[in-house]
Each structure stands twice: as structure tokens, then as C-alpha cells.
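Scroll down for the structure; my scribbles are underneath it.
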Amino acid sequence: MHSLVSVIIPSFNRADLLPRAIDSVLVQTYAEIECIVVDDGSTDKTNELINSIEDDRLIYMRHESNKGASAARNTGIKHSKGSLIAFLDDDDEWLPTKLEKQVPFLQSKDEKVGMVYCWMDYFDENQQLIEEHHPTL
């Protein structure tokens with residue numbers, strides 16, 4: 001069963017990093033997504049960047065002043081249409097099959113399970129692995 005996943009990306013003055021995060025959402029192999037970028041009062045070219053991306057799954061919202069990442073996430077949640085919510089920071093990116101793997105896994109679990117997470121790898125600006133974060137529980 002496919003469910004709409006609302007991916008929420010809060011952003012503040014990260015027009016230089018944001019395209020990579022957005023692209024990693026829009027290329028997901030799991031197709032039922034909406035990508036909500038909440039611009040938290042940026043003064044850079046975030047608005048122009050978002051308007052240059054032509055994809056009906058991309059939704060842009062803007063706070064007139066900076067309210068913080070939590071407020072931006074809450075704005076995204078308030079306007080989301082998905083039955084599932086996923087968060088992505090504007091300086092991070094996902095592998096293309098992330099949602100394809102996580103959504104069925106979450107849906108196969110008892111109703112007591114309310115979230116899933118995944119491992120993280122940290123890379124430097126030269127794409128060299130600098131740290132792995134692979135907790136087991």
C-alpha cells in the first residue's frame with residue numbers, strides 16, 4: 001500500500017546547499033511524495049532557487065522572519081497532505097531508495113511503532129567519508 005510521504009525541509013540562508021537536499025528527495029524511487037521547503041526568513045536567494053525548480057511535488061512556504069528550525073518543521077507539518085512525515089535538513093541528502101525501504105518497513109509494523117530512522121555517513125567537501133554513525137539500538 002502506497003502512502004503519500006510529506007518530506008519537510010526547513011531552510012535558512014542555505015541556497016547554496018538546498019538544491020542537493022531537494023534533488024535527493026525528488027529522485028526517490030518511492031514515487032508518492034510531496035517535498036515541502038519551509039524558508040525560515042532567508043535573506044539569500046532561496047526564493048529564486050525554489051522558483052527555478054519545475055516539479056509539481058515541490059511546495060514552497062516562507063516565514064517572513066526567522067523563527068527557528070522547529071517552527072519551520074511545524075509549519076511544514078501543518079500544511080502537509082501526507083499520511084507519513086519525513087524530515088530532511090537542508091545540508092543533508094538521501095540515497096535514492098531511502099523511502100522505498102523505510103515506508104513498507106514502517107507499514108509492516110505494529111501500530112505501536114511510530115517512526116523509523118536510518119544510519120548516517122558524514123562526508124567532507126571532497127566526498128571523503130569522515131565518520132559513520134550506525135547505532136544498533
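Tabulated results
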read-out: Long pairs among LYS67/LYS112; LYS45/LYS78; LYS67/LYS101; LYS45/LYS101, criterion Cα-Cα beyond 29 Å; value: LYS67/LYS112; LYS67/LYS101; LYS45/LYS101
read-out: In Hz, Karplus ³J(HN,Hα) per residue of segment 84-101 (6.51, -1.76, 1.60; θ = phi - 60°; x = Gly, Pro); value: 10, 10, 10, 10, 9, 6, 5, 10, 10, 8, 9, 6, x, 9, 3, 5, 4, 8
read-out: Percent of alpha-carbon pairs separated by more than 16 Å within segment 7-80; value: 43
read-out: Residues of the chain: accessible area per residue with a 1.4 Å probe, Å²; value: 64
read-out: Accessible area of the chain belonging to carbon and sulfur atoms, whole % at 1.4 Å probe; value: 51
read-out: For the chain, share of DSSP beta bridges that run antiparallel, in % to the nearest 5; value: 20
read-out: Where Rh is the Kirkwood radius over Cα pairs, Rg/Rh for the chain; value: 0.97
read-out: Segment LEU4-GLU64, length gained on full extension (0.36 nm per residue, minus Cα span); value: 18.8 nm
read-out: Cα-projected label distance for LYS112 with LYS81, points at 7 Å along beta-carbon direction, nm; value: 3.5
read-out: Separation in nanometres of the label points that stand 7 Å from Cα toward Cβ, at ILE130 and THR29; value: 3.0
read-out: Overall dimensions of segment 62-123 by Cα: Rg and Dmax, Å; value: 14.1, 41
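The values are calculated or read from the model by the stated rules, or taken from the named source; none is laboratory data. Only a predicted model underlies this, so the values are computations on that prediction, with no experimental measurement involved. Note that we place each Cβ from the backbone using ideal geometry, even for glycine, and neighbour counts take in every protein chain shown. Protein only, heavy atoms only, side chains kept; ligands, DNA and RNA dropped before computing areas. Shrake-Rupley method; radii C 1.70, N 1.55, O 1.52, S 1.80 Å.
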